[in-house]
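S.K.: Okay, handing you the structure first.
The values are calculated or read from the model by the stated rules, or taken from the named source; none is laboratory data. Bear in mind that the values here come from a model prediction, so they are computed numbers and not experimental data. Heads up, the Cβs are rebuilt from the backbone with ideal geometry, glycines too, and the neighbour counts pull from every protein chain shown. Accessible surface is based on the protein model in full, side chains and every heavy atom, while ligands, DNA and RNA are left aside. Shrake-Rupley method; radii C 1.70, N 1.55, O 1.52, S 1.80 Å.
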Amino acid sequence: MAITAPRGTRDILPGESWKWNYIINTASETMKDFGFREIHLPIFEHTELFSRGVGETTDIVEKEMYTFIDRGERSITLRPEATAGVMRSAIENNLCVQNSIAKLWNWGPMFRYERPQKGRYRQFYQIDAECLGVQNPFADVEIISLSIEIFRRLGLKNLEVVINSVGCEKCRPIYREKLLNYFDAHKNELCETCLTRLDRNPLRILDCKKEACSKVADGAPDIYDSLCDECREHFEEVKKGLERLNFTYKLNKRLVRGLDYYTKTAYEILSGDLGAQNAVAGGGRYDNLSTAIGGNKIPGVGFACGIDRIMLVMEQQNCSFGEVPKTDVYVAALDNEAKGAAQSLTYELRKNKISAECDISGKSFKAQMKNAGSCNFACIIGSEEIAKNSVSVKNLSDGTQVNIPISEAVEYINHQV
Ligand code: ATP
Ligand code: MG
């Protein structure tokens with residue numbers, strides 16, 4: 001039996017990869033306009049980075065990580081997300097010393113052992129941006145506006161920005177206690193998963209999608225009543241900043257996100273066109289991540305968006321992916337003797353950055369010209385042309401044809417394309 005790709009993975013085939021590149025290029029240009037620089041990190045890290053960074057009681061660490069012991073008996077994990085790795089690198093490479101700011105972005109595969117379904121894979125791809133070293137709410141606005149701008153440039157419609165504050169190490173424990181008391185009193189209405197969350201991470205119950213739990217959560221104490229002055233002030237400034245930029249957003253006091261490192265701002269961008277997996281991007285502030293993984297205090301705020309899901313939404317909304325890639329020139333050989341000359345001219349064109357194709361499989365002239373159909377020009381070479389060191393160049397859009405010295409072909413075509 002032929003081997004297939006592992007469950008939850010998918011191949012990005014040529015019919016899709018050029019669209020994929022369009023998304024990455026658009027993100028890359030936007031990052032540049034916002035002053036973010038590219039950083040690329042290993043795809044595997046020490047397991048501890050995620051268990052300490054993302055948090056022991058999160059879904060990611062509890063059940064979604066690809067963890068294995070390598071031949072040197074180290075516990076290694078395929079990265080489930082990018083933020084912890086970026087922070088690890090910033091600490092290790094001193095990117096944030098003496099109050100300096102690091103604005104970093106990257107894209108690449110992430111791995112989570114999840115139940116595969118539409119928009120949910122075990123190997124999926126994220127575009128990720130992190131702003132490290134700034135405590136100021138302006139940084140939160142910078143990050144949120146960056147993510148919105150990428151989607152605006154991609155032409156995504158029907159998006160909703162949802163924000164919340166999840167407090168800090170000062171006020172969250174107080175809120176946690178209030179929640180614990182509340183949910184404890186409603187124990188018999190909660191699902192089994194939420195019962196296990198009760199002591200470990202009661203905030204996660206707010207996020208449960210099950211109807212019964214959601215109903216209980218509706219009546220839960222409001223986080224806004226527990227925020228300390230600093231967190232409240234920060235949240236107000238973020239909202240003001242978003243309003244200044246004319247963004248509309250929704251507040252959702254139950255948005256807690258699945259990673260422990262968030263402090264203060266948490267946000268998501270949802271699409272009305274994705275069904276159950278409706279989040280295209282998520283992010284927020286994480287002022288305690290650096291110390292959780294053993295570094296000095298470095299505040300940070302960032303977001304990650306799922307490329308696979310962006311692709312789904314763009315296809316659904318008929319968004320443009322720019323120009324379909326096309327070959328400029330097809331070099332056709334009239335007979336077998338001319339095939340070598342055709343390949344030589346093709347290579348000459350390619351060296352001059354003109355995209356060109358010729359037959360490499362022994363096709364007839366007629367079949368070659370059929371292949372040329374999608375190109376702008378056909379160069380035709382036969383024994384007559386070889387004898388005269390010339391080539392016939394046919395403009396395939398208007399059918400006109402000229403015969404020119406072969407040494408002038410590059411210049412001639414360069415003028416036309
Ligand atoms: P979800 O609620 O859908 O599980 P999440 O909160 O786990 O998302 P994040 O950790 O915030 O996701 O990751 C940021 C983005 O990465 C998501 O908004 C989504 O677009 C994408 N993403 C996350 N998990 C997957 C997955 N398994 N397959 C495809 N895309 C994903
Ligand atoms: Mg998830």
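S.K.: May I have the convex hull volume per residue, in Å³, for the Cα set of the stretch 329-416?
M.R.: Numbers: hull volume 7.2 nm³, N = 88.
Taking only Cα atoms, the stretch 329-416 has a hull volume of 82 Å³ per residue.
S.K.: Among Tyr330, Tyr262, Tyr125, determine the one that fluctuates most according to a GNM of the chain built with springs between C-alpha atoms less than 10 Å apart.
M.R.: Among Tyr330, Tyr262, Tyr125, the largest mean-square fluctuation in the Gaussian network model of the chain belongs to Tyr330.
S.K.: When the Kirkwood hydrodynamic radius is evaluated over all pairs of different C-alpha atoms of the chain, what value in angstrom, to one decimal, is obtained? Before the final figure, lay out each step's value.
M.R.: Numbers: mean 1/r = 0.0403 Å⁻¹.
Taking every pair of different Cα atoms in the chain, averaging 1/r and inverting gives 24.8 Å.
S.K.: Could you state the angle between the C-alpha long axis of helix 307-316 and the longest principal axis of the C-alpha atoms of the chain, as a value from 0 to 90 degrees rounded to the nearest 10?
M.R.: With rounding to tens, the tilt is 70 degrees.
S.K.: Within a Cβ distance under 12 Å of Thr263, other residues only, what is the Lys/Arg minus Asp/Glu net charge?
M.R.: Numbers: positive: Lys170, Arg172, Arg257, Lys264, Arg285, Lys297; negative: Asp140, Glu169, Glu230, Asp260, Asp287.
Once positives and negatives cancel, what remains is +1.
S.K.: Let me ask you something else. At 222 nm, what value in deg cm²/dmol follows for the chain if DSSP H runs of at least 4 each add -39500 (n - 2.57) and the sum is divided by all its residues, to the nearest 500? Before the final figure, lay out each step's value.
M.R.: On the way: 14 runs with 151 residues, N = 417.
Counting only the DSSP helices, I get -11000 deg cm²/dmol.
S.K.: Sticking with this structure for a sec: Out of residues 5 or more away from Lys264 or on other chains, whose amide H comes under 5 Å of its own, with H placed 1.01 Å from N in the peptide plane?
M.R.: Distant-sequence amide H within range of Lys264: Val166, Gly167, Cys168.
S.K.: Next question, about the same structure. Dipole magnitude of the chain about its Cα centre, charges +1 at Lys/Arg Cβ and -1 at Asp/Glu Cβ only, in debye to the nearest 20?
M.R.: Result for the chain is approximately 540 debye, rounded to the nearest 20.
S.K.: Springs between alpha-carbon atoms under 10 Å, Gaussian network over the chain: tell me which of Thr196, Thr58, Thr83 tops the mean-square fluctuations.
M.R.: Thr196
S.K.: Counting Lys and Arg as +1 and Asp and Glu as -1, what is the net charge of the other residues whose Cβ lies under 14 Å from the Cβ of Gln277? List each step's numbers first, then the result.
M.R.: Working: positive: Arg112, Arg115, Lys118, Arg120, Arg122, Lys209, Arg309; negative: Glu114, Glu268, Asp273, Asp308.
Combined, the nearby Lys, Arg, Asp and Glu give +3.
S.K.: While we're here: Among the DSSP beta bridges whose two residues both lie in the stretch 329-416, what percent are antiparallel, rounded to the nearest 5?
M.R.: Values: 9 of 17 bridges.
Roughly 55 percent of the beta bridges in the stretch 329-416 run antiparallel, per DSSP.
S.K.: Also, quick follow-up: Ordering Ile413, Ile101 from largest to smallest accessible area (1.4 angstrom probe), what's the sequence? It would help to have the intermediate numbers written out before the result.
M.R.: Working: Ile413 0, Ile101 100 Å².
Ranked list, largest accessible area first: Ile101, Ile413.
S.K.: While we're here: Tell me the angle of helix 83-92 to the major Cα principal axis of the chain, expressed in degrees between 0 and 90 and rounded to the nearest ten.
M.R.: Helix 83-92 sits at roughly 90 degrees to that axis.
S.K.: Given a 1.4 Å probe and heavy atoms of the protein chains only, how would you sort Ile223, Ile174, largest accessible area at the top?
M.R.: Values: Ile223 5, Ile174 95 Å².
Largest accessible area first, the residues go Ile174, Ile223.
S.K.: Another question, then. Largest first, what is the accessible-area ranking of Arg122, Arg115, Arg74 with a 1.4 Å probe? List each step's numbers first, then the result.
M.R.: Numbers: Arg122 25, Arg115 155, Arg74 120 Å².
Heavy-atom accessible area, descending, gives Arg115, Arg74, Arg122.
S.K.: Could you give the longest part of the chain that holds none of the GluC sites (Glu not before Pro) found in DSSP loops with at most 10 neighbouring Cβ atoms within 10 Å? Let's see the in-between values first.
M.R.: Numbers: sites that count: Glu73, Glu323.
By the stated rule (loop sites, at most 10 other Cβ atoms within 10 Å), 74-322.
S.K.: Additional query: Based on the Cβ-Cβ distance from Met369 to Arg10, what FRET efficiency comes out when R0 is 30 Å, to the nearest 0.05? Intermediate results must be reported in sequence, preceding the final value.
M.R.: On the way: r = 36 Å, r/R0 = 1.20.
With a Förster radius of 30 Å, E is 0.25.
S.K.: So between Arg37 and Glu160, what do we pick up on full extension, going 0.36 nm a residue minus the alpha carbon distance? Write down the numbers at each step before the final one.
M.R.: Values: separation 123, 0.36 × 123 = 44.28 nm, distance 2.69 nm.
Difference between extended and current length: 41.6 nm.
S.K.: Now for a separate question. Rank Asn158, Asn99, Asn336 by mean-square fluctuation in a GNM of the chain with C-alpha springs under 10 angstrom and give only the top-ranked residue.
M.R.: Asn336
S.K.: Can I ask one more? Expressed in nm to one decimal, what extension gain is obtained for the pair Gln343 and Arg153 from 0.36 nm per residue of sequence separation less their Cα-Cα distance? Could you put the intermediate results ahead of the total?
M.R.: Details: separation 190, 0.36 × 190 = 68.40 nm, distance 4.03 nm.
Difference between extended and current length: 64.4 nm.
S.K.: Further, regarding this structure: Using alpha carbon coordinates only, what is the Rg to Rh ratio of the stretch 170-269, with Rh defined as the Kirkwood radius? Show your work: numbers first, answer last.
M.R.: Values: Rg = 14.5 Å, Rh = 14.5 Å.
Taking Rh as the inverse mean 1/r over Cα pairs, Rg/Rh reads 0.99.
S.K.: Also: Over the chain, what is the relative contact order in whole percent, taking alpha-carbon pairs under 8 Å and six or more residues apart? Intermediate results must be reported in sequence, preceding the final value.
M.R.: Details: 721 pairs, mean separation 64.2, N = 417.
Answer for the chain is 15 percent.
S.K.: Let me ask another. Using alpha carbons only, how many angstrom separate the centre of the stretch 29-101 from the centre of the stretch 308-334?
M.R.: Their Cα centres are 33 Å away from one another.
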